[in-house]
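Here the structure comes first, spelled out in structure tokens, and everything after it is commentary.
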Amino acid sequence: MAKKTPLMEQYKVIKAQYQDAILFFRLGDFYEMFYEDAITTSRELELTLTGKNAGDGEKAPMCGVPFHAAEIYVYRLIQKGYKVAICEQLEDPKVSKGLVKRGVVRIITPGTILYENSIADKSNNYLIYVYESSRNLAVTMADVSTGECWWGLWDKKKERSDFFDMLSVYSPSEAILEVSDDFYNVLENFTGTSLGGCLLSRYADIDNTISIPNEIMELDCVEVVHAYQGLSGYLKEVMKTAVSSFYTVMPLRQDCTLTLSEECLRNLEITRNMRDGGRKGTLLDVLDYTHTAMGARLLKRWLERPLTDVNQIILRQDGIQELVSHTTEMTVLEELLSQIFDFERILTRIETNTTSPKDLLALKASLKILPTIKERLQGASSIILKNVNKNIHVHGTIYELLDRSMNENGTGNIKDGRYIKEGYNAELDELRSVKKNSQQWIANMELSEKEKTGITKLKIGFNNVFGYYFEIPHSNKIPIPDYYIRKQTLVNAERYVTPELKEFEIKALSAKEKTEALELKIYQEIKAQIRPDIPAMQRTARALASLDCLVSLARAAATDRYVRPSIIGGQHGTISIKDGRHPMVEKANKSRIFVPNDTELNHISQELLIITGPNMAGKSTYMRQVAVLVIMAQIGSFIPAGEAVFSPVDKIFTRVGATDDIATGQSTFMVEMNEVSRILRGATKNSLILLDEIGRGTSTYDGMSIARAVVEYIDKHIHAYTLFATHYHELSTMALHSESIKNYTVSVKERGKDIIFLRRIVPGSADRSYGIHVARLAGLPADLLVRAEQILEGLEANDGKNAKDGAIPIQEDTPMNLFNSSIITELANVDVMSMTPIEAMDMLFRLSNEAKEGR
Ligand code: ADP
Ligand code: MG
């Protein structure tokens, strides 16, 4: 039987070592895929599947992509959850004899991809390593693109849910798991459903030779060291370079950060919205006025891990305050920051040798701004801005080197050349002048040849196949000299060469090759000179990111009329907000007025608020608003409110009743009860709990009983700040039995058969559910509504107990009775009919409020 061709033998040997990756096998100007890889790739990327004779009578399925456009194809495969191994020709095919040596130079995975534009600018790209020991879960996590590394340790039994919260907060794109089969399955299930995908692989090839950073050594924890070695070993394996240690190593868990449960992050839409998991409409979106990608990434991290330490919060507040009160300075800083590129990631590309000259120019442009930024920060008086200034270094020598060496006027791509400046290297300049002279030589040659032969239509041209040639159109009537050697016939011209032209060609091409080689060598040398300064420049990048975040929060405060909340520590916790607004709802509906509301929570008389009111009244919005304002305050941000006093909370939990919970698609009553049970186990006196319509997933009495028992339990055993929204107005009787439970309701006004939503939270409770009123607002047929009323009357009559039992009536502080003639006049001027009922009500409310204030 025939043997495989040598090429296919080589392919098979290499492929055998990279079973779990798609092998991009370099053949000349193409990367080719064979067999299964070809079938997969052609399907995923819609490439044509062809075949190659494999030698043993077999035709191997094959498809390919041009090498210079490979990045985009690799990127698309990575996005679809594959790994790609890049196999290059390791010797120059022009000079090697026989089969060219080939080898894999890099494996590209979702967590290690570094191509420009392949990872989102404004968020980190995390690769995580999980090591399960008999007791613990040890984690190391890296963002290869920025050179940052984190570690964490969780008790396997007691802190399992905290571990999963961490996973959903960071949502890594790739995970390497050294865990039991059982836990692997659990993680596979979790990342598939809750993270929207994350490439998992097993790896246990620990690299003992890697040097361990001090920050990890000092922990004196073998499990974390093991996880670090695992992560480093994996990186070495895929990047194929000895990975130098990370620039910064930080703990994932800190005592001084607020724990946000997965549910809470999602439900409050802090960094991802519920609709499509994107940024739009999130708190991050509202607060993000950053000007650099580094700042945007850091702001996201601030939001994912708010502070709990009063002093740290105040430090940030002071910085923001200083910026807000010096708006001219702030504008100047914004202008300067906007000229800074993402050099944190550029530095990593330099480190891993994946830069283009364009990157170095961007680095230069960024470094250029630094002295001016420092000058501007010179006068700062807040500690945090002073620190930022101290940590920004100008890196003058690197700037000068780049300024002297890098040409601004080229394309910035290696293949186009001319990226090294004229005057930087004498040898290069000389080679270039040879190249330039040869252009002159060609012009002279063309002229003299025309004179010699009398062929005026003669031209000199060049192409990659034939090199230089004379081109003479068929229309030429003058005889061709006999020393012209015919090379090619075109439709309307003939091409010739002469010995003289050939001789020139060899000289010119070698000059061209030499120039290219020297230019590349100089470029590599420049990068080598930069490398030792990378850690220091990374520190500068980090300081700039902090500055950008502070400026961003200051800009948000100035633009959206936010105020500085007072942050207090000590025993007597409080969450006290006057005229608070929901930042995202307010922003999403600029045309509509947002009704501000107060909140008072403390451990003395108002620990637990029961909020009743009909559907659509604004209960959920109000509760979320409280949690969102707490989070804003704890990242140091100013908040949309009249004034506020907070003591930091340690954890925030939210649970939204099953029927509202569309986002996960797994909204069963069981899931809800699991979550509630988790809250009851995890919450402390300093936690904030939001329970929104829990108990809806089962029968009314069943659900109401559970809801009631949950509230009682929190009130008796946990004493956490709790907001409990329910349309079971019957639950308001609980306030009669506890000092610390208070009833609130979102006020509505009944006008005949209509209701008007006032969106004002007032003490008291709703005495009914107003379901039929809401149905009327939604435009259900009149007959249907009449029938619903009949049914309700029947039910209420049959129901032994009085629906109004224990309910506290709404206080009559609603502004609707303040109507006066001026409002009526104003109303006549607007087209009420074109508004939605809710818009109309909002407008009425605004007008009546204005009337109250005598405007
Ligand atoms: P509920 O939970 O009581 O059913 P929601 O909180 O979902 O009600 O609010 C219903 C709608 O009312 C929301 O879409 C929101 O736009 C609007 N809304 C809520 N609170 C306010 C407010 N304070 N000011 C203006 N509009 C509000
Ligand atoms: Mg609701």
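The values are calculated or read from the model by the stated rules, or taken from the named source; none is laboratory data. None of these values were measured; they are calculated from a predicted model. Using ideal geometry, Cβ is built from the backbone for each residue, glycine included, and neighbour counts are taken over all protein chains shown. SASA here: full protein model, heavy atoms, side chains in, ligands and nucleic acids out. Shrake-Rupley method; radii C 1.70, N 1.55, O 1.52, S 1.80 Å.
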Rounded to whole Hz, the Karplus (6.51, -1.76, 1.60) HN-Hα couplings of region 80-91, x for glycine and proline: 8, x, 9, 9, 10, 9, 9, 9, 9, 7, 8, 9
FRET efficiency, 1/(1 + (r/R0)^6) with R0 51 Å, evaluated for PHE466 and ASP403 via beta carbons: 0.75
Amide hydrogen neighbours beyond the local backbone of TYR721, cut-off 5 Å, H modeled: SER687, ILE689
Base-10 log of normalised Debye intensity for region 574-631 (one unit scatterer per alpha-carbon) at q = 0.17, 0.26 Å⁻¹: -0.59, -1.20
Tilt relative to the chain, helix 293-304 - C-alpha long axis, 0 to 90 degrees, to 10: 30 degrees
Beta bridges by DSSP in the chain, antiparallel share as percent, to the nearest 5: 60 percent
Listed residue pairs exceeding 27 Å between alpha carbons, taken from LYS240/LYS300; LYS236/LYS374; LYS158/LYS685: LYS240/LYS300; LYS236/LYS374
Cα-based Lys pair tally, region 1-121, threshold under 15 Å, eight or more apart or on separate chains: 12
Karplus-derived HN-Hα couplings along region 643-649 (A = 6.51, B = -1.76, C = 1.60, θ = phi - 60°), whole Hz, x at Gly and Pro: 7, 7, 10, 10, 10, x, 9
Potential lengthening between GLU712 and ASN492 on full extension [0.36 nm per residue; Cα-Cα distance subtracted]: 69.7 nm
Contour minus Cα-Cα distance for GLU516 and SER96 (0.36 nm per residue): 149.1 nm
Relative packing of peptides 452-464, 265-277, 373-385 - highest average C-beta neighbours within 10 Å first: 265-277, 373-385, 452-464
Which of MET217, MET537 is most accessible, then next, and so on - probe 1.4 Å: MET217, MET537
The chain, helix-only ellipticity at 222 nm - DSSP H runs n ≥ 4, -39,500 (n - 2.57), divided by all residues, nearest 500: -13500 deg cm²/dmol
Efficiency of FRET from Cβ geometry, ALA69 and GLU427, R₀ 30 Å, rounded to 0.05: 0.35
Sulfur and carbon atoms: percent of accessible area, the chain [1.4 Å]: 52 percent
Listed residues ARG624, ARG581 arranged by accessible area, highest first, probe 1.4 Å: ARG624, ARG581
Sequence-distant residues sharing a close amide H with LYS459 (under 5 Å, placed H): GLU471
Degrees between helix 222-239 axis and first principal axis of the chain (Cα, 0 to 90, nearest 10): 40 degrees
Semi-axis lengths, Å, region 547-605, gyration tensor of Cα atoms, sqrt of 5 times eigenvalues: 25, 19, 7
Residue order for ASP182, ASP548, ASP416, ASP429 - accessible surface, 1.4 angstrom probe, largest first: ASP182, ASP416, ASP429, ASP548
43 Å tail of the calculated P(r), the chain, as % of Cα pairs: 48 percent
Amide H partners (placed H, <5 Å) of VAL563, local residues excluded: ILE639, ALA641
Mean projected area (nm²) of the alpha-carbon convex hull when region 155-246 is viewed from all directions: 6.6 nm²
Chain lengthening between VAL394 and ARG135 when straightened (0.36 nm per residue, less Cα-Cα): 88.5 nm
Where the Cα pairs of region 676-794 fall when distances are cut into 10 Å bins, in %: 11, 36, 32, 15, 5, 0
Per-residue HN-Hα couplings for region 595-611 [Karplus 6.51, -1.76, 1.60; θ = phi - 60°; Hz; x = Gly/Pro]: 7, x, 9, 9, 9, 9, 10, 8, 8, 8, 10, 9, 7, 10, 9, 9, 10
Accessible area expressed per residue, the chain, with surrounding protein chains retained (probe 1.4 Å, Å²): 46 Å²
